[in-house]
1. Subtracting the Cα-Cα distance from 0.36 nm times the residue separation, let me have the gained length for Gln104 to Asp34 in nm, one decimal.
2. Could you list, in their original order, any pairs among Lys12/Lys154; Lys86/Lys154; Lys12/Lys178 whose Cα atoms are separated by more than 19 Å?
3. Set the Förster radius R0 to 25 Å, insert the Cβ-Cβ distance between Val58 and Asp143 as r into 1/(1 + (r/R0)^6), and round the FRET efficiency to 0.05.
4. Quick one: which residues, 5+ away or cross-chain, put their amide H under 5 Å from the amide H of Leu91? H built at 1.01 Å from N.
5. Suppose every Lys and Arg Cβ carries +1 and every Asp and Glu Cβ carries -1, with no other charges. What dipole size does region 29-87 come out with about its Cα centre, to the nearest 20 debye?
6. With labels modelled as points extended 7 Å from the Cα through the Cβ direction, what inter-label distance (nm, one decimal) is found for Asp6 paired with Arg21?
7. Ranked highest first by average number of other Cβ atoms within 10 Å, how do 160-167, 38-45 line up?
8. Among 71-82, 16-27, how do they line up by average Cβ neighbours within 10 Å per residue, starting with the highest?
Amino acid sequence: GGRAVDRLTAIKAVVSDFLERRDGDRIGLIVFGDRAFALTPLTQDRASVRQQLQAMVVGLAGRSTAMGDAIALATKRLQQQPNPEKVLILLTDGVNTAGTLDPQKAAQIAKQAGVRIHTIAFGGDGAAVSLLGFQLPLGGGDDVDEAGLARIAKLTGGKFFRARDTGQLVGIYQEIDKLEPVQRQGQAVRALIERYPVPLSAALLLGLLAVLRPRRTA
């Protein structure tokens, strides 16, 4: 809307819009911080996924980044699905700092399970000050493991994306729509149309004609 917002607000808006376009997909939502856990199971109920998405707050899963555990949990959930197309979209603004499983090892497991991972690094290039024309980074900046995310995507047959603002993030999810078209449309809902009056009227008309037809005399 042309105003500055925090990253989580931007993510909620962009992902919510993405959900609108995925009619027919089974979608789950996993968050990861100190550990990884599923907010929603894989479901076609996009409204419930959107509801959980909007309820997310910063630090919900802790302040660390258990990226490898998140990949492993997503792989486990996807393996339980019969659909051969299994895709994970991994969105992060940090580097792996927690968890029990290394992200690259988790990616190997995902590959063996037939899970394709698209990775998105979201955030700026870190806080910095200018001194005599040189940019000096400040501590606590926005470090993102771009190289590691790129390796995960390449290993599993996915694609790596870099977003530094909301506009770029929107474009990335639109590109993912093209890379992963919806394979199965959602169940069509048809309005109930009462059609019995037509054959009923015809039957009554035929009956009336039969009654009114003059009888043949012997």
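1. Numbers: separation 70, 0.36 × 70 = 25.20 nm, distance 1.79 nm.
Between Gln104 and Asp34, full extension yields an extra 23.4 nm.
2. On the way: Lys12/Lys154 26 Å; Lys86/Lys154 16 Å; Lys12/Lys178 21 Å.
Result: Lys12/Lys154; Lys12/Lys178 exceed 19 Å.
3. On the way: r = 17 Å, r/R0 = 0.69.
Result of the calculation: an efficiency of 0.90.
4. Under 5 Å from the amide H of Leu91: Ile120.
5. Values: 7 positive and 4 negative charges, 5 e Å.
Dipole of region 29-87, to the nearest 20 debye: 20 debye.
6. For the pair Asp6/Arg21, the computed spacing is 2.7 nm.
7. Details: 160-167: 17.0, 38-45: 15.4.
Highest-to-lowest ranking by the protection proxy: 160-167, 38-45.
8. Values: 71-82: 17.8, 16-27: 15.3.
Final packing ranking: 71-82, 16-27.
Here, each number is a calculation from the coordinates, and none is a lab measurement. Values in this document were obtained by computation on a predicted structure and should not be read as measured data. No Cβ is skipped: glycine too gets one built from the backbone with ideal geometry, and neighbour counts run over all protein chains shown.
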